[in-house]
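Colleague: Structure provided below as structure tokens; questions to follow.
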Amino acid sequence: MKKYYSCIVIISLITNNIYATNFEIDRTTLSGKVIDKSTGEALPGVSLYIPDLKTGTATDVNGNYKINNLPSTKVVLQISFIGYKTIIETIDLATIKTKDFALETAIKEINEVVITGLSQASERKRTPIAITSISQHQLLQNSSTNIIDAIAKQPGISQITTGAGISKPVIRGLGYNRVVVVNDGIRQEGQQWGDEHGIEIDEYAVNNIEILKGPASLSYGSDAIAGVINMISAPTLPEGLITGNIITNYQTNNGLLGYSANFAGNLKGFIWNLRYSNKMAHAYKNKYDGYVFNSGYKENNISTMIGVNKAWGYSHLNLSIYNLTPGIIEGGRDSLTGQFIKPLKINDSVEGSKIATSGDFKSYNPTTPFQIVNHYKAVLNNNFIVGNGIIKAILGFQQNNRQEFADVLNPKQYGLYFLLNTINYDLRYVFPEKKHLSISVGTNGMYQNSLNKGKEYLIPEYNLFDVGVFTIIKKSFTNLDINGGIRYDSRIQKSNDLFVDKKGVKTNVIDSNSYHQFNSFRSKFSGISGSIGATYQLTEAVYGKFNMARGYRAPNISELGSNGIHEGTVRYEIGNSKLKPENSFQTDLAFGINKTHFTIEVDAFNNEIQNFIFSQKLISSTGNDSLTKGYSTFKFTAANAKLIGGEITVDIHPHPFDWLHFENSFSYVEAVQKNQPDSSKYLPFTPAPKLRSELRADIKKAGKILTNSYLKVELENYFDQNKYYAAYHTETATPGYTLLNVGLGTDISWNEVKFCSFYLNINNITDVAYQSHLSRLKYTDENYVTGRAGIYNMGRNISFKLVIPLIFKKQTI
């Protein structure tokens, strides 16, 4: 792994030297002043940012700004400030050197700049694809136990959970490999096919998130059939500024202790950003189960970015190490008392159990069974200005180590051990914009190598090579924007044979005593994906969107070749090497109104999927569960599916109470298999309809000390989910429930200098006992004392968060 890191560092240095030596770029600056349009007062702290160049600045105490080392070309500039309407403007730096801006007070903002899945940054309302943006401000104001939990309240977004520490994203009813998570410019690869495998990204290192809902294969290749979640790091600092921050978080339910420290700067275009984060939690609790044994986890992360921002573009090297140790919740209980039991070692050959104690519940060290996950990543991200065009080049290496410890008699010996190496590459060229026509072409993909280093086996060892070529086009008129593109993908995957002896140990001896656990196979998949869509601005406040997209996804290694006990899901899993790729055709239609005192957006979609792949429980000839080595047996199969639904968001902010917001959203998806009987009509893991309402008061200033204060009351209502995959008792119905949450927060400042920010959230304030339909713990053992099946979700949880900004060197303008 150190060799990969060294190679990427060397390539970065060589690239920078060659480019700086051989290309002369006309340098320029942009400066000006930002004021309040209604009062004429200067606005300090306004953010001015150029997303395509990853550079920007903030206004000083007099409202002045200056951005140095800019190319003499057209750029998209975003000017944003809390409580004001964001300005998005294309500026030709070849002719414009100074530019003043006047910001209008905004009650609701939907005019964000987005970059996910596009050739260049664009306004969200002028993009036909359904995109949700989550700002750093929103992330800080909500409490969560992991990064996916932080976004699960968004319309159309859900999460498959295994306790508080592990969550998998679901977009409009589709999850697993159908959702691509992007971080540092590359797709995150870490065995996302597993039910109990989370996303290996530091929650505190994410600055903002963009969620693209719908087929997004144009930029990201096979697998983005459901959409993309782009975790975006903090923008680089203005030149001459050195800062840092400290984030602390405590949550009462599971005793979560989290903290993160950051140190970043920009000296004459040399930039850096260093962060260390730590998080740990003991068992969580709820009203019915009490503390849930072994639901705690520990997380330890370090990341850094170093690079240069110059007039010719930028070159950034991102390095990160992510470590997670989660307990695996099995849900075993004492038959007489209904209390959770703890497995223990009686002697060297005998395993027993006892009732878990208070000390076991409050321990921050997960006990057997547990996992140790290490994810290493190095990404070199380059952006070169060539004339008025742009060359973007990304090279990344990831290594994912996942060990599972489940033997009480030998707790330090792992059983499963997956070692996954991935090399990502992405090269694209953005042509100069002419007559409002933008075109980009490129190629990207990955090479993977997966090894089994443990003593137990679930998937075969394999090699994978993935390559795709694409083009994306955008044409803008006065009120009309047309976006489209096409892509071709090819994937070759080879798996290896595996023979084991009677004891399950890997062997090269092939005889009557050996078992052929994995048969080697070679698969080749290819597919075409594309999209075409348009947005039309009927008036300044009213817009419409329409998009059609064809998606493509090749089967993953688990679906093709698994053959073993999946401890985390307590089942025996069998792959199917004859599976065909999934192909989808989705249409989206949206309509929005953004007026001064109310905002409405309606999104509807229809998604037809051929060869939809899912896991189905097998039944024996007697009609009971088919058992393999004592576990229920599941095998991957495919059928044609249809998903329809959408989201509605409404925000009311009545005059003269402009500080008051009444925000509402409703999400619905129905996912069915075509031509199937009632018991297998609906797809598994389909989220229940969700209605979220929030009443919120925003106060810009409360005296001389408190600024940007807020108080909110939130209702989350999840309806009954009676449309579930009932065949073979795979899923059961889930009753609806309503959660009441409250929150408040403020910045503490003096003389325009912010000392800290404080956030308080109380989730599930009435301590409702509930089970999410997408919780895997819903299917653990029954409590024979109470008659309740499975484990319930987290009860009341109070979160305290403190953010302390640090300034080591101020910017001079």
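Colleague: Quick query: amide H of Phe598 versus all other amide H atoms, modeled in the peptide plane; which residues come in under 5 Å with a sequence gap of 5 or more or a different chain?
Modeller: His653
Colleague: For helix 2-22, what angle does its Cα long axis make with the longest principal axis of the chain, in degrees from 0 to 90 and rounded to 10?
Modeller: Around 20 degrees separate the two axes.
Colleague: Taking every alpha carbon pair in the range 198-331, what does the distance histogram look like in 5 angstrom bins from 0, in percent?
Modeller: Calculated over all Cα pairs of the range 198-331, the distribution is 2, 9, 14, 15, 15, 14, 14, 9, 4, 2, 1, 0, 0 percent.
Colleague: Only Cα pairs under 8 Å and at least 6 apart count here; give the relative contact order of the chain as a rounded whole percent.
Modeller: Computed value for the chain: 11 percent relative contact order.
Colleague: Moving on to the next point. To the nearest Å, what is the center-to-center distance of the range 633-672 and the range 433-503, using C-alpha atoms only?
Modeller: 28 Å
Colleague: Still on this structure: Going by average Cβ neighbours within 10 Å, how do the peptides 345-355, 405-415, 53-63 rank, with the highest at the top?
Modeller: 53-63, 405-415, 345-355
Colleague: Put +1 on the Cβ of every Lys and Arg and -1 on every Asp and Glu Cβ in the chain; which of Phe755, Asn508, Thr162 then has its Cα farthest towards the positive end of the dipole?
Modeller: Of the options given, the answer is Asn508.
Colleague: Here's a follow-up. Please give, to one decimal in nm, the separation of the simple spin-label points placed at Lys502 and Tyr425, each 7 Å out from Cα toward the Cβ.
Modeller: 5.0 nm
Colleague: Please state the charge dipole magnitude for the chain, taken about the Cα centre, from unit charges on C-beta atoms (+1 on K and R, -1 on D and E), reported in debye and rounded to the nearest 20. Mind dumping the intermediate values first?
Modeller: Working: 81 positive and 70 negative charges, 196 e Å.
Result for the chain is approximately 940 debye, rounded to the nearest 20.
Colleague: Something else now. Kindly write out, for the range 404-416 in residue order, the coupling ³J(HN,Hα) from the Karplus curve 6.51 cos²θ - 1.76 cosθ + 1.60 (θ = phi - 60°), rounded to whole Hz, with x marking Gly and Pro.
Modeller: 10, 10, 9, 9, 5, 6, 9, x, 8, 9, 6, x, 7
Colleague: For the range 359-498, build the charge dipole from Cβ charges (+1 Lys, Arg; -1 Asp, Glu) around the Cα centre, then report which of Ser476, Ile391, Ile486 sits farthest towards its positive end.
Modeller: Ser476
Colleague: At 1.4 Å probe size, with the rest of the protein present, what percent of the exposed accessible area of the range 236-299 is carbon and sulfur atoms?
Modeller: Percent of accessible area from carbon and sulfur atoms in the range 236-299: 65.
Colleague: Still on this structure, I have one more. What percentage of the solvent-accessible surface of the range 378-473, computed with a 1.4 Å probe over protein heavy atoms, is contributed by carbon and sulfur atoms?
Modeller: Carbon and sulfur atoms account for 62 percent of the accessible area of the range 378-473.
Colleague: Ordered by residue, what ³J(HN,Hα) values in Hz, to whole numbers, does the range 634-650 give under the Karplus form 6.51 cos²θ - 1.76 cosθ + 1.60, where θ = phi - 60° and Gly and Pro are x?
Modeller: Per residue, the Karplus-derived 3J(HN,Hα) values read 10, 9, 6, 9, 9, 7, 7, 9, 9, 10, 10, x, x, 9, 10, 10, 9 Hz.
Colleague: Starting from the alpha-carbon convex hull of the range 597-639, give the projected area averaged over all orientations, in nm².
Modeller: 6.3 nm²
Colleague: Could you rank the peptides 573-582, 685-694 by their average count of other C-beta atoms within 10 Å per residue, with the highest value first?
Modeller: Ranked by mean Cβ neighbours within 10 Å, highest first: 685-694, 573-582.
Colleague: Of the listed peptides 361-369, 164-172, what is their order by residue-averaged count of other C-beta atoms within 10 Å, with the highest listed first?
Modeller: Working: 361-369: 18.2, 164-172: 27.0.
Averaged packing, sorted descending, gives the order 164-172, 361-369.
Colleague: Mind checking the per residue accessible area of the chain for me, 1.4 Å probe, whole number of Å²?
Modeller: For the chain, the solvent-accessible area averages 41 Å² per residue.
Colleague: In the structure shown, do any of Lys54/Lys213; Lys97/Lys754; Lys298/Lys810; Lys455/Lys524; Lys712/Lys778; Lys392/Lys809 have a Cα-Cα gap over 26 Å, and if so which?
Modeller: Details: Lys54/Lys213 24 Å; Lys97/Lys754 31 Å; Lys298/Lys810 36 Å; Lys455/Lys524 29 Å; Lys712/Lys778 31 Å; Lys392/Lys809 31 Å.
Over 26 Å apart, Cα to Cα: Lys97/Lys754; Lys298/Lys810; Lys455/Lys524; Lys712/Lys778; Lys392/Lys809.
Colleague: Going toward the positive end of the dipole of the range 520-601, with +1 on Lys and Arg Cβ and -1 on Asp and Glu Cβ, which of Thr535, Phe591, Ile557 do you reach last?
Modeller: The residue sitting farthest along the positive end of the dipole is Ile557.
Colleague: Please report how far the C-alpha centroid of the range 687-762 lies from that of the range 246-302, rounded to the nearest whole angstrom.
Modeller: So the two Cα centres are separated by 20 Å.
Colleague: Moving to a separate point now. Extent of the chain along each principal axis, from alpha carbon coordinates, in Å, largest to smallest?
Modeller: Ordered largest first, the chain gives principal extents of 80, 55, 51 Å.
Colleague: Can you give me the % of accessible surface on the range 586-691 that is carbon or sulfur? Probe 1.4 Å, all protein chains present, nothing else counted. The partial results should precede the final answer.
Modeller: Numbers: 2940 of 5020 Å².
Answer for the range 586-691: carbon and sulfur cover 59 percent of the accessible area.
The values are calculated or read from the model by the stated rules, or taken from the named source; none is laboratory data. Model, not experiment: these values are computed from the prediction. All Cβ positions, glycine included, derive from the backbone under ideal geometry; neighbour counts span all protein chains shown. The area values use the complete protein model at the heavy-atom level, side chains included, leaving out ligands, DNA and RNA. Shrake-Rupley method; radii C 1.70, N 1.55, O 1.52, S 1.80 Å.
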